[in-house]
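Chemist: Below: one structure in C-alpha cells.
None of the figures in this text is laboratory data; all of them are computed from the coordinates on show. None of the values given here were measured: they were computed from a predicted structure. Cβ coordinates were reconstructed from backbone atoms using ideal geometry, including for glycine residues, and neighbour counts include every protein chain displayed.
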Amino acid sequence: MATPIEFRPAAVDSGEGAALVQAMREEIAAVYDGLALDGAQMPKAGSAELGPPEGAFLVGWRDGEAVCCGGIKRLPDEEGAGPACEVKRMFVAPAARGQGVARALLHALEDLARAMGYAVARLDTGPRQPHARRLYASEGYREIANFNANPVATFFGEKAL
C-alpha cells in the first residue's frame, strides 16, 4: 500500500506548487496542440484566484516528494444558490498516476472548500482527458452548462458539498 498523501497549503506561483503547475502547463500544451492555460481566452486561475481569502491551493506530498496539486477559486454568486467555488489546476505527477492520488486530491479540495464555506463545487475538463471526466462522474459531479466560458472544455460538472 502506498504511503498516504499529506496535503499542505501552498502558492500556485512559487516553490513546488509552481513547479507542478508548470508541468501541467507543458502537458496541456502537448495534449491540446499548444494551448496556453494562461491565455486571454482561458478562465483565470493564478495567485489572485487561488489564494486567500476566497481561494486556496494545495500540494500533495508523499515520501518527501510533491506528487500533486490543485486549487479552488470563488465563483460569482448566483441567485438562490449557496456560495460556489471552482476546482482548478488539478494535476498529478506522471509517476504518481494510477494510484488514487487524483481522487485523494479531489477529496482534499472538496473538504477545504466545505471548510471555507462553499456549498457547491464546479469543475471542467476537455475532450482529450476522458480519465478526468470519469473521475469526476464517479465522484458525483453532474453535468451542467458551461459556467466559466472555457473554450476548450467539453464537460462541466457540479457537486453539492
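Chemist: Run through all the Cα pairs of the chain and give the fraction in each 5 Å bin from 0, expressed as whole percent.
Modeler: For the chain, the pair-distance distribution reads 2, 9, 19, 24, 23, 16, 6, 2, 0, 0.
Chemist: With a Förster radius of 30 Å, plug the Cβ-Cβ distance of His131 and Ala36 into 1/(1 + (r/R0)^6) and report the FRET value to the nearest 0.05.
Modeler: E(calc), rounded to 0.05, equals 0.85.
Chemist: Next question. Using amide H atoms built 1.01 Å from N in the peptide plane, name the residues 5+ places from Gly51, or on other chains, whose amide H lies under 5 Å from its own.
Modeler: Ala56
Chemist: Taking Cα atoms of the stretch 16-104, Rg/Rh with Kirkwood Rh, to two decimals? Before the final figure, lay out the partial values.
Modeler: Working: Rg = 14.2 Å, Rh = 14.2 Å.
Radius of gyration over Kirkwood radius for the stretch 16-104 works out to 1.00.
Chemist: When the expected Rg is taken as 2.2 N^0.38 Å, what fraction or multiple of it is the alpha-carbon Rg of the stretch 102-155?
Modeler: On the way: Rg = 11.6 Å, N = 54, 2.2 N^0.38 = 10.0 Å.
Cα Rg divided by the expected 2.2 N^0.38 Å: 1.16.
Chemist: Relative to the Cα centre, what is the charge dipole magnitude of the chain, using +1 at the beta carbon of each Lys and Arg, -1 at the beta carbon of each Asp and Glu, and rounding to the nearest 20 debye?
Modeler: 320 debye
Chemist: Output ³J(HN,Hα) for the stretch 5-11: one whole-Hz value per residue in order, computed from phi by the Karplus curve 6.51 cos²θ - 1.76 cosθ + 1.60 with θ = phi - 60°, and x for Gly and Pro.
Modeler: Whole-Hz 3J(HN,Hα) from phi for the stretch 5-11: 9, 9, 9, 10, x, 8, 9.
Chemist: With springs only between Cα atoms under 10 Å, which of Glu78, Glu26, Glu16 fluctuates most in a Gaussian network model of the chain?
Modeler: Glu78
Chemist: Oh, and also: Quick one: Asp111, Asp77, fewest Cβ neighbours within 10 Å first, how do they rank?
Modeler: Final ranking by Cβ density, sparse to dense: Asp77, Asp111.
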